[in-house]
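Novice: The structure under discussion is supplied below as structure tokens; questions concerning it will follow.
The values are calculated or read from the model by the stated rules, or taken from the named source; none is laboratory data. Bear in mind the structure is a predicted one, so any value in this text is a computation, not a measurement. All Cβ positions, even for glycine, are placed from backbone atoms using ideal geometry, and neighbour counts span all protein chains on display. Note: accessible area is taken over every heavy atom of the protein model, side chains too, but ligands, DNA and RNA are not part of it. Shrake-Rupley method; radii C 1.70, N 1.55, O 1.52, S 1.80 Å.
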Amino acid sequence: MPMDRETQLKLVHLRDDAGVLSLYVNADPREQGSTPIWKTRLDQGVKQLLDAVDLGTRSLLGRRVEELKIDIEALVRPGSPGIGRALFIALGTGETYTVEMQTPLADRVALGPRSHIAPMFGAWAEGSPVGIAVVDGKGMRILDSRFGKCEEISGLAFVLDTSEWRVMKGPGGHGRDHHSSSTQYDLFDFRVAEHLQKFLTAAHSTLEEHTAQFGWELLVVTGDPELVDAASKSLGGVKAEVVAAQMVLSQKSPAQIQQLLAPEIAAARHARDERIAAAFAEAPPKAAIGSEEVLDALQGGRVDRLVIERDSVWSARRIPQGAVLADAVAPGEADVATAIAEAQLGEAMIEMALASDARVSILSEGVDLGEQAGGVGAFLRW
């Protein structure tokens, strides 16, 4: 499945009366061996789940696992695409969704009336769609970067018709004549540069269309500073945060461009989240603080943006790798039980927010909403 808003909605709304099995693996190349550790964790989790559920659920669960044996084998195979992989199975209907991304996910097995989406949305916060416009004397390359993958999707070629331009040359001789000729060539280059900047300025409509089409949250414009300025100054209508970089990357591959811009993109995300947190501190009374107030506002359809801290109730980092999240399997430790409950609460809030067309922000690590919020807050519509 492509990782976009439509995928978000499909996964969030995936429900089944018989249960939805959510399988996550993190195929870290550093953990490969004769039997990858993520495969061992997944096998152990599924076995633990089968042993714990009632006979009716066990029969249906076992049958679906057997039917989807090839899909599950592909999920854990070292050579399969993606580092983070997930498979969602509706036990009653047999409906399935598969997701792979280069962004890491947690190893986890979950069974519930709905899909388990906590790891997916945590990864979404780190690898959400970003547009990249690389500008140079030839025009503009446009790339889409999301979840560790980057591809060139289009471009704008700068073609200047100079057939009617006449480069003036001075009379024969030395000294003054050479200076005159040099000046004329300088003027010629100036006119080319001027047309190039106008061309890049006019590219705003194309970038606006791409931003809407690909759902970019950030748009990075990179290249020579003068060209970046020309391409950026008319982007007020773009529904994405514009980040001006100054790396000349026109000769680089998409993968190299993504790698070189990764620190700039991470810094832009962190700065954006800090602004959101600062605005939240100034938002009352048009803000809900803490899970109780947020849930009440979500139920009333009053939430404009749901905000959850990365390392608080959302990430559930205390859930061990390979853990099984199901009502039939009681967590062995109180801290793990609390983390699971908090993750499930976060998922319920995400679903309610998306159902009311509210925006969802998972803050970067180290950005918080203040002690009173307890990791969860919301900007209100009224």
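Novice: Sort His204, His116 by accessible area with a 1.4 Å probe, largest first.
Specialist: Working: His204 60, His116 10 Å².
From most accessible down to least: His204, His116.
Novice: Ok, one more. Nearest 0.05, what FRET efficiency do Gln251 and Arg15 give at R0 = 35 Å with Cβ-Cβ as r? Mind showing how you got there, number by number?
Specialist: On the way: r = 49 Å, r/R0 = 1.40.
Calculated transfer efficiency: 0.10.
Novice: In square angstrom, what is the accessible area per residue of the stretch 85-154 with a 1.4 angstrom probe? Show your work: numbers first, answer last.
Specialist: Details: 1920 Å² over 70 residues.
In whole numbers, the stretch 85-154 has 27 Å² accessible per residue.
Novice: What's the FRET efficiency of Ala330 with Arg77 using the Cβ-Cβ distance as r and R₀ = 41 Å, to the nearest 0.05?
Specialist: 0.80
Novice: Mind checking the full-extension length gain between Glu292 and Ala267? Use 0.36 nm per residue of separation minus the Cα-Cα distance, one decimal, nm.
Specialist: 5.8 nm
Novice: For the stretch 257-264, what does the Karplus curve 6.51 cos²θ - 1.76 cosθ + 1.60, with θ = phi - 60°, yield as ³J(HN,Hα) per residue in whole Hz, taken in order and with x for Gly and Pro?
Specialist: Coupling constants for the stretch 257-264: 4, 4, 5, 5, 8, 3, x, 5 Hz.
Novice: If you don't mind, there's one more thing I want to ask. Computed over the Cα atoms of the stretch 232-382, what is the ratio Rg over Rh, Rh following Kirkwood?
Specialist: The Rg/Rh ratio comes out at 1.06.
Novice: Moving to a separate point now. Counting DSSP beta bridges in the chain, what percent are antiparallel, to the nearest 5?
Specialist: Antiparallel bridges make up about 75 percent of those DSSP assigns within the chain.
Novice: With every protein chain left in place, what is the accessible area of Leu207 in Å² (1.4 Å probe, nearest 10)?
Specialist: It works out to around 0 Å².
Novice: Among the lysines, which fall within straight-line cross-link reach of Lys138, defined as a Cα-Cα distance under 30 Å, with same-chain neighbours fewer than 8 residues apart omitted?
Specialist: Lys149, Lys169, Lys198, Lys233, Lys239, Lys252
Novice: Further, regarding this structure: I need to check one value: relative contact order of the stretch 99-160, counting alpha carbon pairs closer than 8 Å and at least 6 residues apart, in percent. Walk me through the intermediate numbers first.
Specialist: Working: 78 pairs, mean separation 17.3, N = 62.
Once divided by the residue count of the stretch 99-160, the mean separation gives 28 percent.
Novice: Let me ask something else. How much length would be gained if the chain were fully extended between Val192 and Glu6, taking 0.36 nm per residue of separation minus their Cα-Cα distance, in nm to one decimal?
Specialist: On the way: separation 186, 0.36 × 186 = 66.96 nm, distance 4.34 nm.
Gain on extension, Val192 to Glu6, equals 62.6 nm.
Novice: Compute log10 of I(q)/I(0) for the stretch 1-157 with the Debye formula, placing one identical point scatterer on every Cα and leaving out solvent, at q = 0.19, 0.21 Å⁻¹, to two decimals.
Specialist: -1.16, -1.34
Novice: Something else: Sort all Cα-Cα distances of the chain into consecutive 10 angstrom bins from zero, then give the percent of pairs in each bin up to the one containing the longest distance.
Specialist: Reading upward from the zero bin: 5, 20, 25, 22, 14, 7, 4, 3, 1, 0, 0.
Novice: Applying the Karplus parametrisation 6.51 cos²θ - 1.76 cosθ + 1.60 with θ = phi - 60° to the phi angles of the stretch 195-208, what ³J(HN,Hα) value in whole Hz is obtained for each residue in order, glycine and proline being reported as x?
Specialist: Once rounded to whole Hz, the list reads 5, 5, 5, 5, 4, 5, 4, 6, 6, 4, 5, 5, 5, 5.
Novice: Under a 5 Å amide H to amide H cut-off, with H placed in plane at 1.01 Å, what residues pair with Asp107 once short-range neighbours are removed?
Specialist: Asn26, Gly322
Novice: Taking a spot 7 Å from the Cα of Glu226 along the direction of its beta carbon, which residues of the stretch 118-146 have an amide N less than 12 Å from it?
Specialist: 137
Novice: Report relative contact order for the chain in percent, whole number only (criteria: Cα-Cα under 8 Å, sequence separation at least 6).
Specialist: Once normalised by length, the contact order is 18 percent.
Novice: For a quick check: with amide H placed at 1.01 Å from N, whose amide H comes under 5 Å from Ala18's, ignoring anything fewer than 5 positions away on the same chain?
Specialist: Gly92
Novice: Here is a further query. Please tell me the relative contact order of the stretch 1-76 in percent, rounded to the nearest whole number, where contacts are Cα pairs under 8 Å and at least six residues apart.
Specialist: Details: 23 pairs, mean separation 20.9, N = 76.
It rounds to 27 percent for the stretch 1-76.
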